[in-house]
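Step one of this worksheet: look at the structure below.
The values are calculated or read from the model by the stated rules, or taken from the named source; none is laboratory data. Here the structure is a predicted model, which means the values were calculated and not measured. Cβ atoms come from the backbone with ideal geometry, glycine included; neighbour counts cover every protein chain shown.
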Amino acid sequence: MSEPLNRSRALRALLGLLTMALASTGCQGGSSPGLRGALGSIPPFASKAPDEGESRTLLSRWIGEPRADGQVARTGGLVLRPDGWARKDDDAPGDDARAAEFEAAEQLYLQGDLDAAERAFARIARKERRSDGLTLFKDTMSSIPGLEDYDRRSSSWGMRALYYLGEIRFRKGNYVGAHDTFEELVKDYPGTPNLDDAVAREFEIAQIWLNQARPADDREPLPWHSRIKGGLPLIDSGGHAVAVLEHVRQNDPTGPLADDAVKLIADHYAASGDHETAAFYYDQLASDHPKSPMLHDALVSSVDSKINAYIGPEYDFSGLAEARETARRAMQLFPERRTSTEDGDDLYHTLDLIADQDAERDFKYGEYFRSAGYVISAEYYFGGIVQKWPKSPWAERAKAQLAELAEMPREESKPLKMMTQPGATDPFSQGISSGNSGSVGPGGGIGP
């Protein structure tokens, strides 16, 4: 409701201004100089129909218009700008001055004067930045021809200036400012032809910040004062690097660096000890980039991360089941590397480790039921170990437990009273007490 109201109010306000201007000039044709000074060269409402052969609709320009001789004439005289079709001779106001200003800044960049070039490109980008009030005015009055001249984003000067500005800040070592500038470029101009270069620079920035968290042997970390000069974030360089890598994925999800960004994020979490998050990103790499050359490494690393995230038999073991499925998938996709021991990724050995963890968990269950006096349940788990993993070390221990359980007295397990449906007669409630002295039995009597 608010948007139509705002449009109608703005339209009424503009009509009022036009009426006052016409009244002040004696209702003469044309618009007043004062109005043109305020709003620029806005064509009057009663504009003439567009010339034949110069339709501004995209479909008509594709199809063309028939001529008298039966041939199809392509519409001419119009060019496609970022804001739509316009006449070739309808240059935006101040284009020559803006071009000269941009060329002067570009010359400073080519001459190596990065400080002066940065100030010049920052000034151009600031001029081209659209204000909120102008955005509202243009969106409201978009049906009036000629208003595209008031949108300074209709040219490419701001887009090119932002790219140069980010490149200069990167070369000067201001990686924080460079990343912010590239993000503004991609946000305001998603169709920029410099997208690949901007994403590549962001990827380099992330690598530099990750090296600060865990320095590599072939690269020195940045000095401490880089946090003051903009080379590093003030805190948590690794976390900011992960955020930059996420931007690389979002800005160019099908680009050449998308899978590398996911791999770096996963490796960072794996090195930090957050194996669950690392496994999550390894799985994303395998699912989002199935044709990546790093697919095998991602699958194997996912298995390792899931195994490392497993704490013990007393905790959640769903990660082991996922690790088993991931290992089997890797064996199916890469059968020639099932037993590769170059990097210690023997998948058969990995499956044996997972099976050993499963056997240990079942053995712990069997011990619990034996200590609780449930002989039959304990035999179930110990017997399952011998049957499923006969060559496991846990199988020998399970056989010893089964031999001891065979000599222990066993009682029939009664279903719990809570399993009886409401209103039904419990066949096991007669003569059964809780087994504790002084307690109330199922029949309401006092137990032994």
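Here's the yes/no breakdown for (1) of a type in the set (Lys, Arg); (2) surrounded by 19 or more Cβ atoms within 10 Å (Cβ to Cβ); (3) assigned to a helix (DSSP H, G or I):
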{"site": "256", "(1), (2), (3)": "no, no, no"}
{"site": "264", "(1), (2), (3)": "no, yes, yes"}
{"site": "267", "(1), (2), (3)": "no, no, yes"}
{"site": "280", "(1), (2), (3)": "no, no, yes"}
{"site": "283", "(1), (2), (3)": "no, yes, yes"}
{"site": "286", "(1), (2), (3)": "no, yes, yes"}
{"site": "290", "(1), (2), (3)": "no, no, no"}
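Annotation note: of 250, 207, the sole residue that is within 26 Å of residue 279 (Cβ to Cβ) and without any contact (Cβ under 8 Å) to a residue 40 or more places away in the chain is 250. Would you pick out the residues in region 226-260 that are closer than 16 Å to residue 177 by Cβ and of a type outside the set (A, V, I, L, M, F, W, C)? 226, 227, 229, 230, 231, 233, 237, 240, 247 - these are the residues of region 226-260 that are closer than 16 Å to residue 177 by Cβ and of a type outside the set (A, V, I, L, M, F, W, C).
Among the criteria (1) at pLDDT 90 or above; (2) in contact with a Lys or Arg (Cβ under 9 Å, 6 or more places away or on another chain), the one residue 408 does not fulfil is (1).
Taking the criterion of being at pLDDT below 50 and part of a loop (DSSP other than H, G, I, E, B), the residues of region 93-151 that qualify are 141, 142, 143, 144, 145, 146, 151. The lone criterion from (1) farther than 24 Å from residue 214 by Cα; (2) under 21 Å from the mean Cα position of the chain (by Cα); (3) not aromatic (Phe, Trp, Tyr) left unmet by residue 260 is number (1). Of the listed requirements (1) at pLDDT below 95; (2) buried (at least 17 other Cβ atoms within 10 Å of the Cβ), residue 381 misses just one: (1).
Could you check region 218-253 and list, in sequence order, the residues that are part of a helix (DSSP H, G or I) and touching a Leu at 6+ places or on another chain (Cβ under 9 Å)? Matches in region 218-253: 226, 227, 228, 237, 238, 240, 241, 242, 245, 248, 249, 251. Of the residues screened, residue 178 is not one that is buried (at least 16 other Cβ atoms within 10 Å of the Cβ) and at pLDDT below 90. Here residue 375 clears all of (1) modelled with pLDDT of 90 or more; (2) surrounded by 12 or more Cβ atoms within 10 Å (Cβ to Cβ); (3) closer than 24 Å to residue 270 by Cβ except the condition numbered (3).
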